[in-house]
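The values are calculated or read from the model by the stated rules, or taken from the named source; none is laboratory data. The model shown is predicted, which means the values in this text are computed figures rather than measured ones. Here the Cβ positions follow ideal geometry from the backbone for every residue, glycine too, while neighbour counts run over all protein chains shown. Note: areas computed on protein heavy atoms with side chains; ligands, DNA, RNA excluded. Shrake-Rupley method; radii C 1.70, N 1.55, O 1.52, S 1.80 Å.
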Amino acid sequence: MEQVNVKTPEHVSLQYKLAGLGSRSSAQIIDFLIVTVIYVGLFLILYLAEDVFFNSFFAFSSYVTAIVIMLLFFIFWGYFFLFELFMGGQTPGKKLLGIRVIQENGQSATALALLIRNLIRIIDFLPVYYFIGILMIFLHPKHKRLGDIVGGTLVVHERGKKKKKKRSPVEQEIEKRGVTKEDLEVDDWTLQQMTPRDWELMKTYADRITKVKGHERKELTKDVAAILMPKVGLALEGKGSDKLEDELLALYLQMRDEWEIQL
């Protein structure tokens, strides 16, 4: 799928995948089927009221014919315009195919832009079943039909929601204990004096701390604290195992910010 870079008014660059002829045609077919069902329902109502309708038709045939034609047009045009307006640039067909209409600047399509693109749909439909529209989408570098060109819109695939990154066991432990890097007062210069070997030791500790229990966990915390805490000017005396663990985890957060950027 072709991509397009869009720069928003806030000067943020966004990348979208353009909806091509295949996905747009499939969405259009779905929407046409729905419109057809609406038309069938309308004619069914007229059929059930045939006495009133046909009497009116023969009495005012030209007026009734004009009204029916206008009604069919407004149903067809209103279907696309109203759905795109109230569903964030999507019709049921577009929603099923995961595409939507946006403005060229990456923002949601305005009512005016949607109004224009759907009015021009009449031209795109000519001479038979979207011939002009299909031809334009096929030839235009951004897969635009005339309505998109005049309305200043794009049809793009929806941006997938980023999956929430799964937290590691140590991150879950840190959150559970309510530890933050602000819990420990260590200046940047001191952190920068830590060596790669210190960071490897801290990473190993963070990886193992959630896997061991009881006495083994206390001994691990005590041994690592004895190596690392003096290097950042922190005392060991008078601190229990839980306190040392909290401080090491806070130090881990600070070192991670420093070393993961460097490495």
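Data for the structure
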{"read-out": "Some residue of the range 121-139 being open to solvent by less than 80 Å² (accessible area, probe 1.4 Å) and more than 25 Å from residue 33 (Cα to Cα)", "value": "no"}
{"read-out": "Among the residues listed as 101, 68, the single one being part of a strand (DSSP E or B) and surrounded by 13 or more Cβ atoms within 10 Å (Cβ to Cβ)", "value": "101"}
{"read-out": "Where a residue in the range 93-114 is closer than 22 Å to residue 25 by Cα and in contact (Cβ under 8 Å) with a residue 60 or more places away in the chain and its partner, wherever it lies, is among the acidic types (Asp, Glu) and open to solvent by 20 Å² or more (accessible area, probe 1.4 Å), with Cβ under 6 Å and at least six apart", "value": "98/158"}
{"read-out": "Whichever residue in the range 181-204 is of a type in the set (Ser, Thr, Tyr) and either touching an Asp or Glu at 6+ places or on another chain (Cβ under 9 Å) or farther than 13 Å from residue 224 by Cβ (or both) and, among such residues, is modelled with the highest pLDDT", "value": "195"}
{"read-out": "First in the range 243-254 and under 16 Å from residue 168 (Cβ atoms) and part of a helix (DSSP H, G or I), second anywhere and open to solvent by less than 10 Å² (accessible area, probe 1.4 Å) and of a type in the set (Gly, Ala, Ser), Cβ under 9 Å, 6 or more apart", "value": "248/206; 248/225; 249/206; 252/206"}
{"read-out": "Condition met for residue 176 (within 33 Å of the chain's Cα centre (by Cα) and closer than 30 Å to residue 96 by Cβ)", "value": "no"}
{"read-out": "Residue 150 open to solvent by less than 80 Å² (accessible area, probe 1.4 Å), modelled with pLDDT of 80 or more, under 30 Å from residue 123 (Cα atoms) and not in a loop (DSSP other than H, G, I, E, B)", "value": "no"}
